[in-house]
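The values are calculated or read from the model by the stated rules, or taken from the named source; none is laboratory data. What you are looking at is a predicted structure, and each value in this text was computed from that prediction instead of being measured. As a convention, Cβ positions derive from the backbone with ideal geometry for all residues, glycine included, and neighbour counts pool all protein chains shown.
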Amino acid sequence: MTKRLIKFVAFRGPLILILFAHVCAAALWCSDVSRKPRVRAITAFVSIDRATYGKQIQDTLAMLRKAKSAFEKGGYEVQTIRITTQPFPQYTRGITKAEALEFFKGLDALSKKEEFLANVGPAMLNDQDDSAVDLLADILVSTDINTSLVIAADDGIHWNAIRAAAKTIKYVEDHSANGVRNFDFAAAAFVPPYTPFYPGSNHNGRGHQFSVGLEGGSLVADVFTESHGDPRIARELLSHKLAEHARSLEAIALQVEKDSGWSYMGLDATPAPGPDSSIGAAIQQFTGTRFGSSGTLTAAAIITDAVRSIPVKRVGYSGLMLPPLEDSVLAQGWSEGVYRIDALLAYSAVCGTGLDAIPLPGDVSQQQLERIIGDVASLAFKWHKPLTARLIPAPGKKAGERTDFDFGITGFPNVILQPLP
């Protein structure tokens, strides 16, 4: 009997392990060990007219506030409401640069008064039209508005836009308080329309739509804790938990759509981190070692696969965010040199969002920035996937020194700058 059992296990061992993984996952599904994700953003997309934008913004805010209330009644904390316009060069044609800046200062003042975040879309959609790049830089240093440049799309890599992005980053470093306004600028590749997350959010349509983005680092950490490092259990359990919340969130969003007449474009379940919701800590729960060690790429792939498996309407990155300046665990690893830019690019091959909130020494040159942004564009074009470069040089700081950024957001860490590879 014992010999027969040993032989059965020897030949059927893999099947038994798979069955065991399914049983364990099913048991965990019933335990409800994970915390709820937060709603990081409810983002509305509008096509504004300079002459009537005030009323358009107020109408949009009425919808967003009702949507926020609906999600909160459904048990989900909502962190921000946001408004993204069509690309701003479309509604600044025919006016002077000074007139355009006055308009954006008015929009910025309105966003502060009404407590929403604003994004005015990309300055360049193609690689030929760079007429709005100087205005882009002045918008960034004069306001708290988010914006971007498109550095790669179906038509190829936009090398002129890459140079413009690097030039913009250096200008903003030199002309905004401690360079912090680079936090609201992204060089964006293949970022689809109706992405709720900033700064890459964009649309080029009629407007009157909205989408939803999550903050789910804590949920991923809870799931990975319970999976005990087993990739099959981790993937199945995370898929299940995300799907459970995605269905609930979609039901709320569809009711908002019905009540408001605004079109719901989808959910970006990318688990963005927060001050108390570290995606770095979640990945360390899975690997049992430091973020950046072997197994990190596997964890990134598992998270992205789970996010993309949810059975609801998806939008945006639908991947993974790894921003060193927004996550305490990632910040610590960066300060200690455990991982660098090249590692984040490697992880981006199986997830996203590229190089997000990356602290750089202030003496980084425009040419070095072009090479970094070019790598992001090249990877995005190779795989036709959404990636961004949000690079933040620290003015006057060199490798080995600690940053002293103040983004006005509680809990965002500072780091020790690392030399460029």
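Laid out as a table, the results:
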quantity: Only one of Glu115, Glu173 that is over 30 Å from Thr304 (Cβ atoms) and either buried (at least 17 other Cβ atoms within 10 Å of the Cβ) or in contact with a Leu (Cβ under 8 Å, 6 or more places away or on another chain) (or both); calculated: Glu173
quantity: Enumeration of residues in the range 385-421 that are among the polar types (S, T, N, Q) and within 20 Å of the chain's Cα centre (by Cα); calculated: Thr388, Thr410, Asn414
quantity: Members of the range 161-194 found to be assigned to a helix (DSSP H, G or I) and either in contact with a His (Cβ under 6 Å, 6 or more places away or on another chain) or of a type in the set (A, V, I, L, M) (or both), listed by number; calculated: Ala161, Ile162, Ala164, Ala165, Ala166, Ile169, Val172, Ala177, Val180
quantity: Residue satisfying all of: in the range 198-219; in contact with a Lys or Arg (Cβ under 8 Å, 6 or more places away or on another chain) and in a loop (DSSP other than H, G, I, E, B); farthest from Thr388 (Cα to Cα) among these; calculated: Gly216
quantity: Set Asp268, Asp276: member being under 23 Å from Arg247 (Cα atoms), in contact (Cβ under 8 Å) with a residue 12 or more places away in the chain and among the charged types (D, E, K, R); calculated: Asp268
quantity: Residues (aliphatic (A, V, I, L, M), farther than 26 Å from Ser239 by Cβ and not in a loop (DSSP other than H, G, I, E, B)) located in the range 320-344; calculated: Leu325, Ala331, Ile341
quantity: Sole residue being buried (at least 24 other Cβ atoms within 10 Å of the Cβ) and more than 18 Å from the chain's Cα centre (by Cα), chosen from Phe210, Phe224, Phe185; calculated: Phe224
quantity: Residue list for the range 34-88, filter: within 19 Å of Gly207 (Cβ to Cβ) and part of a loop (DSSP other than H, G, I, E, B); calculated: Ser47, Ile48, Asp49, Arg50, Ala51, Thr52, Gln86, Pro87, Phe88
quantity: Of all residues in the range 348-391 being of a type in the set (Val, Ile, Thr) and touching a Pro at 6+ places or on another chain (Cβ under 8 Å), the one that is farthest from Thr270 (Cα to Cα); calculated: Val364
quantity: Filter pass, Gly266 being in a helix (DSSP H, G or I) and within 17 Å of the chain's Cα centre (by Cα); calculated: no
quantity: Which listed residue is buried (at least 19 other Cβ atoms within 10 Å of the Cβ) and either free of Cβ contacts under 8 Å to residues at least 60 places away in the same chain or among the acidic types (Asp, Glu) (or both), from Leu417, Leu369, Leu391, Leu387; calculated: Leu417
quantity: Failed condition for Thr304, given (1) in contact with a Cys (Cβ under 7 Å, 6 or more places away or on another chain); (2) in a loop (DSSP other than H, G, I, E, B); calculated: (2)
quantity: First in the range 180-204 and in contact (Cβ under 8 Å) with a residue 60 or more places away in the chain and at positive phi, second anywhere and part of a helix (DSSP H, G or I) and of a type in the set (Gly, Ala, Ser), Cβ under 6 Å, 6 or more apart; calculated: Phe190/Ala380
quantity: Qualifying residue in the range 104-124 (condition: among the aromatic types (Phe, Trp, Tyr), farther than 20 Å from Pro193 by Cβ and either modelled with pLDDT of 95 or more or in contact with a strand residue (DSSP E or B) (Cβ under 9 Å, 6 or more places away or on another chain) (or both)); calculated: yes
quantity: Filtered residue count, the range 371-390, keeping only those that are under 15 Å from Asn182 (Cβ atoms) and not hydrophobic (A, V, I, L, M, F, W, C); calculated: 2
quantity: Whichever residue in the range 308-347 is in contact (Cβ under 8 Å) with a residue 24 or more places away in the chain, over 13 Å from the mean Cα position of the chain (by Cα) and under 22 Å from Gly266 (Cα atoms) and, among such residues, is surrounded by the fewest Cβ atoms within 10 Å (Cβ to Cβ); calculated: Pro311
quantity: Some residue of the range 360-382 being more than 26 Å from Ala44 (Cα to Cα), assigned to a strand (DSSP E or B) and under 20 Å from the mean Cα position of the chain (by Cα); calculated: yes
quantity: Answer from Leu379, Leu420 - the residue that is of a type in the set (A, V, I, L, M) and farther than 20 Å from Ser201 by Cα; calculated: Leu420
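Let's see how each residue does on (1) among the hydrophobic types (A, V, I, L, M, F, W, C); (2) touching a strand residue (DSSP E or B) at 6+ places or on another chain (Cβ under 7 Å); (3) assigned to a helix (DSSP H, G or I); (4) free of Cβ contacts under 8 Å to residues at least 24 places away in the same chain:
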site: Thr225; (1), (2), (3), (4): no, no, yes, no
site: Ile233; (1), (2), (3), (4): yes, no, yes, no
site: Lys241; (1), (2), (3), (4): no, no, yes, no
site: Glu244; (1), (2), (3), (4): no, no, yes, yes
site: Ile252; (1), (2), (3), (4): yes, no, yes, no
site: Ala272; (1), (2), (3), (4): yes, yes, no, no
